[in-house]
Amino acid sequence: MMAGYVLLLTVPFFILYAGECAIGDTNRTSALEEARLQRENLVRKYLKRLKKEEGALKLVGGRGDYEGNVEIFHAGKWGAICDDEWDQSEAEVVCRQLGFPGHVKPTHTGHFGRAKRKFWMDNLWCGGKEPELADCHFDGWGTNDCEAGEAAGVICKQHETAPAVATVKPIPSEMTVRKERVGRRLELRLVGGRVEGEGRVEVRIVDAEGDAGAWGSVCGDGWGLLEGNVACRQLGLGYANNAVQTDFFSSEAETAEAQLPQRVLLSGTECYGNESTLADCLHDPIGLDGAVRCSEQRGHVAAVTCVPVMADLVFDHVEMEQSLHLEDRLMYLLQCAMEENCLATQAYEIQRDNPNWHLETRRLLKFTARVVNMGTADFRPHIPKHLWEWHLCHMHYHSMEVFATFDVIDRQGRRVAEGHKASFCLEDNQCLPGVEPRYACANYGDQGISINCSDIYRHNIDCQWVDISELDVGEYTLRVAINPEFKVPEMRFDNNAATCRLLYTESYARVFDCKLERP
């Protein structure tokens, strides 16, 4: 291994010497800087190739080494990472471990293609400062309940590169092109379904004169419930109950329609969720020849199942404003909560390094979270009942890995404190007059939220807080999001999050000016 390092470090110096002789003294400074950048990039590139050790990372499926689905090396094999609880903190750790200066954004739902390997990690929770991803909290190697379409990925910030010369491969220009709207009308249809309202999504472009082109498929890259909802809305078929990346609906080949040429017309579809048509969403650019890029050539097409009724959760920000308060609590009383990763990273460092850790206190920003189902169908966990996880410490089942997230954000837009809530108990705590509650968690009962009923996490329940022990006093933004990963279908998602101003002083805290938004 050492010989390999010597080789990598000596090759760039040869380039440096040759370059100096060729360009002369007048350009000596620029040549030195150019060679230095080349040397750094070459060493960084080949060190990442050689590093095949426990906990090593790589990105797959992207357009360059700076983006892709994340894979981690464990027990001699590469494996995928599930996108449950995957956000900016985890993306930051990944990009820094890979040698990049930071992250641009995390990606979800197999944005760079379906996972092709076993999932090694699920429910990752990082503070953002860990040296390696394996140092973060997670459920255990290989423990997961994830499907191939739930691969986690990242887009990292790129390094400054030297000017392109003969020894440096230029970066393709398409890598820097941003997503855009189609700019023309799109017609939509579902093909291959067993009943009306399901099938793979096909589109065709209609020009200004009203002439329609040939039908083509939609690449599954980035396809999820947000995009499925827009498709169902455009077709007048209600709401997306499932939005998947699959070739399941392509196997029905008896009809002439199902055998139409499967040219990919759209890829990388990205919707906010409230658009009227898929044409209003962002997509990867379409080439001059009409070609688009798809991470997989076969079977990776967008499909959807539409239904006429659907749940719709709304977060009660007024209840949060009225109940929010501070509490200092001994870590001795927080041991169960620590098992569920409900405290800041610093708390676990104290537990590891201080023999009297149980006598230390943590400052908690506590509040009640009331969630109302205002839809036309019950809200149910997406995990089947037999897969619910029993937590011995609190003596309850988890029916959803992440039901809510709580983030404190500073004025620069950086997340400086966070919390999360696993839905160990989704039940009808309060219903409108005349509505009978149907869901109760006692005795392994069914979990869910009925129409016109509320599930209430009161402020005195473990994990219904944000650990702000290391936070300086000042003004911040508090953001609470329900069903933040869009794992359970809803009518709409732009009322699932509340963004509020947070005033934090040495003696009290309060939130105000709350607005409902999308997670």
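The values are calculated or read from the model by the stated rules, or taken from the named source; none is laboratory data. Only a predicted model underlies this, so the values are computations on that prediction, with no experimental measurement involved. We place every Cβ from the backbone using ideal geometry, glycine too, and count neighbours over all the protein chains shown. Remember, those area values only see protein heavy atoms, side chains included, never the ligands or the DNA or RNA. Shrake-Rupley method; radii C 1.70, N 1.55, O 1.52, S 1.80 Å.
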In whole Hz, the Karplus estimates of ³J(HN,Hα) for segment 136-147 (6.51, -1.76, 1.60; θ = phi - 60°; x where Gly or Pro) are 7, 7, 7, 6, x, 4, x, 7, 6, 10, 9, 9
P(r) histogram, all alpha-carbon pairs of segment 94-161 included - 10 Å bins from 0, percent | 20, 46, 30, 3, 0
Using only alpha carbon pairs under 8 Å that are at least six residues apart, calculate the relative contact order of segment 388-519 and give it in whole percent.
-> 21 percent
Two pseudo-spin positions, 7 Å from Cα along C-beta at V206 and at R414, lie apart in nanometres by 5.0 nm
Radius of gyration, Dmax [segment 313-517; alpha carbons; angstrom] | 17.2, 55
Within segment 407-447: backbone nitrogen closer than 11 Å to the E349 label point (7 Å, Cα to C-beta) | none
Charged-residue dipole, Cβ positions (Lys, Arg, Asp, Glu), segment 313-517 about Cα centre, Debye nearest 20 | 220 debye
Given C-alpha coordinates of segment 410-519, what is the ratio Rg to Rh with the Kirkwood estimate of Rh?
-> 1.01
Find the relative contact order for segment 56-157 and round it to a whole percent, using C-alpha pairs within less than 8 Å whose residues are 6+ positions apart.
-> 36 percent
Heavy atoms of L282: accessible area, 1.4 Å probe, square angstrom to 10 = 50 Å²
Out of A337, V408, M374, whose Cα points farthest toward the positive end of the dipole of segment 266-421 (charges: +1 Lys, Arg; -1 Asp, Glu; placed on Cβ)?
-> A337
Lys and Arg at +1, Asp and Glu at -1: add these up for the other residues within a Cβ distance under 12 Å of G448 and post the number.
-> -2
Under Karplus coefficients 6.51, -1.76 and 1.60, residue-wise ³J(HN,Hα) of segment 456-463 in Hz, glycine/proline x = 10, 9, 7, 5, 8, 8, 3, 6
Long-range HN-HN contacts of R117 with modeled amide H, under 5 Å | A80
Residues whose modelled amide H sits under 5 Å from the amide H of H137, counting only those 5 or more places away in sequence or on another chain, are W125
Note down the accessible area of D207, probe 1.4 Å, to the nearest 10 Å².
-> 60 Å²
Whole-angstrom gap from segment 129-157 to segment 321-360, using each part's C-alpha centre | 24 Å
Extent along principal axes [Cα atoms of segment 330-404; Å; largest to smallest] | 52, 28, 18
Relative to the Cα centre, what is the charge dipole magnitude of segment 56-157, using +1 at the beta carbon of each Lys and Arg, -1 at the beta carbon of each Asp and Glu, and rounding to the nearest 20 debye?
-> 540 debye
Which three semi-axes in whole Å describe the equivalent ellipsoid of segment 442-503, each the square root of 5 times a Cα gyration tensor eigenvalue, listed largest first?
-> 28, 18, 10
Karplus-derived HN-Hα couplings along segment 492-498 (A = 6.51, B = -1.76, C = 1.60, θ = phi - 60°), whole Hz, x at Gly and Pro | 8, 10, 7, 10, 8, 10, 10
Give K421/K487; K105/K157; K105/K179; K129/K157; K179/K487 a once-over and call out the pairs whose C-alpha atoms are over 20 Å from each other.
-> K179/K487
